[in-house]
1. Which of the residues that make up region 177-193 are outside any loop (DSSP other than H, G, I, E, B) and without any contact (Cβ under 8 Å) to a residue 60 or more places away in the chain?
2. Being of a type in the set (A, V, I, L, M) and either crowded, with 17+ Cβ neighbours inside 10 Å or at pLDDT below 90 (or both) is true for just one of Ile107, Ile45. Which residue is that?
3. Looking only at region 281-296, count how many residues are surrounded by fewer than 14 Cβ atoms within 10 Å (Cβ to Cβ) and assigned to a strand (DSSP E or B).
4. Tell me which residues, restricted to region 29-39, are closer than 14 Å to Tyr12 by Cβ and either open to solvent by 40 Å² or more (accessible area, probe 1.4 Å) or assigned to a helix (DSSP H, G or I) (or both).
5. Checking Ile261 against (1) touching a Phe, Trp or Tyr at 6+ places or on another chain (Cβ under 8 Å); (2) open to solvent by 10 Å² or more (accessible area, probe 1.4 Å), which single condition isn't satisfied?
6. Of everything in region 233-267, what is assigned to a helix (DSSP H, G or I) and either in contact with a strand residue (DSSP E or B) (Cβ under 7 Å, 6 or more places away or on another chain) or not polar (S, T, N, Q) (or both)? Give them in sequence order.
7. Which members of region 5-25 meet the condition of being at pLDDT 95 or above and open to solvent by 50 Å² or more (accessible area, probe 1.4 Å)?
8. Hey, Gly143 hits all of (1) within 20 Å of Thr41 (Cα to Cα); (2) small (Gly, Ala, Ser); (3) modelled with pLDDT under 95; (4) surrounded by fewer than 24 Cβ atoms within 10 Å (Cβ to Cβ) but one; which does it fall short on?
Amino acid sequence: MTERAKRARLIYNPSSGREEMKKRLPEILQRLERGGLETSTHATIGEGDATLAAAEAVERGFDIVIAAGGDGTLYEVINGMAEKSHRPPLGILPLGTTNDFARALNIPRNWEGAVDVIIRQHARAIDVGKVNQRYFINIAGGGSMTELTYEVPSKLKTMIGQMAYYMKGIEKLPRLRPIELYIRTPEGELHEEVMLFLISNSNSVGGFERLAPDASLNDGLFDVLILRKCTLPEFIRVVSLALRGEHLTDPNIIYLKTKHIQVTSPDYVQLNLDGEFGGTLPCVFTNLPQHLHIFVDESGQTTYKTASPLNHLKLPWKTKVEDETEDDEQK
């Protein structure tokens, strides 16, 4: 008796940051079929549609769900699956602009490699973050700079990719303002004026691969980074250190690990969940240990470039760190 082919539902964003999906879809389906997966597709038609499609796929008993697009598509798919008692394994085709989570998992950026990862079906249990009634898998945060990902127009992201985020960030720098936060965790409490806070599940955030260098995707803990109120030159210095993963010991950084964190503020603070608008404070973040299984490359190989995300930009400032580096090179 032959074994039944596994049924997969591929949910894709036809207007993803990379226009590869439209022309590659027949080849992707053919490759999945040759790999033994009977795959049907769902093209999203608007905000929230991927969430509904993922929930329907689970309810209809699909063996595998595949999210094809960027971090926003993945976020919606996660929110369609995380509440379910039975959650099939998830495959990822990283066709968006940044693909932070795929980068953290070393999923290949090229579609052939990413499809082959799904075909091999080597799954890894991954933590999921819950905030109020929403879910995130990579990063949550608040503060002016965390609003970049949903403020950048989709057309600009399509035209120039990740560069659009850095251009928007430079534009916002002079308008940075601190927010007042009350933070409570099982480990202690904090009341501080801060520039931003990040609650990370992985080490890859906004193309920065060393922002939370010790983060683990399945340890049941968040890596929390808080940037204290600081001047613009201090902020730029911290960003320069973060590019090399040397920022955690900076006096302007508060860093901790926790499984549960409550955040409130008298200010109006918007939340960013995996690059999407996630409501406003107050909120409670809870880590759901090893809540989803995701297909990964067991070899750990990746086709992502490891260069610093700002190496190709000519920044309109020079920091003390850069000055010291140039002096050392001249000696």
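The values are calculated or read from the model by the stated rules, or taken from the named source; none is laboratory data. Computed from a prediction, not measured in an experiment: that's the story for all the values here. Note: ideal-geometry Cβ built from the backbone for every residue, glycine included; neighbour counts use all protein chains shown. Please note that ligands, DNA and RNA were not included when accessible areas were found on the heavy atoms of the full protein model with its side chains. Shrake-Rupley method; radii C 1.70, N 1.55, O 1.52, S 1.80 Å.
1. In the first step, residues of region 177-193 are kept if they are outside any loop (DSSP other than H, G, I, E, B); the result is 179-185, 188-193.
Result: Gly188, Glu189, His191, Glu193.
2. Matching residue, one of Ile107, Ile45: Ile107.
3. Going through region 281-296, the residues surrounded by fewer than 14 Cβ atoms within 10 Å (Cβ to Cβ) turn out to be 282, 284, 289.
Narrowing further to those that are assigned to a strand (DSSP E or B): 284, 289.
Counting residues in region 281-296 that are surrounded by fewer than 14 Cβ atoms within 10 Å (Cβ to Cβ) and assigned to a strand (DSSP E or B) gives 2.
4. Filtering region 29-39 for residues closer than 14 Å to Tyr12 by Cβ gives 29, 32, 39.
Correct list: Leu29, Leu32.
5. Here Ile261 meets the rest and fails (2).
6. Taking region 233-267 and keeping what is assigned to a helix (DSSP H, G or I), we get 233-243.
Listed by number, the residues that qualify are Pro233, Glu234, Phe235, Ile236, Arg237, Val238, Val239, Leu241, Ala242, Leu243.
7. Lys6, Arg7
8. Status for Gly143: all satisfied but (1).
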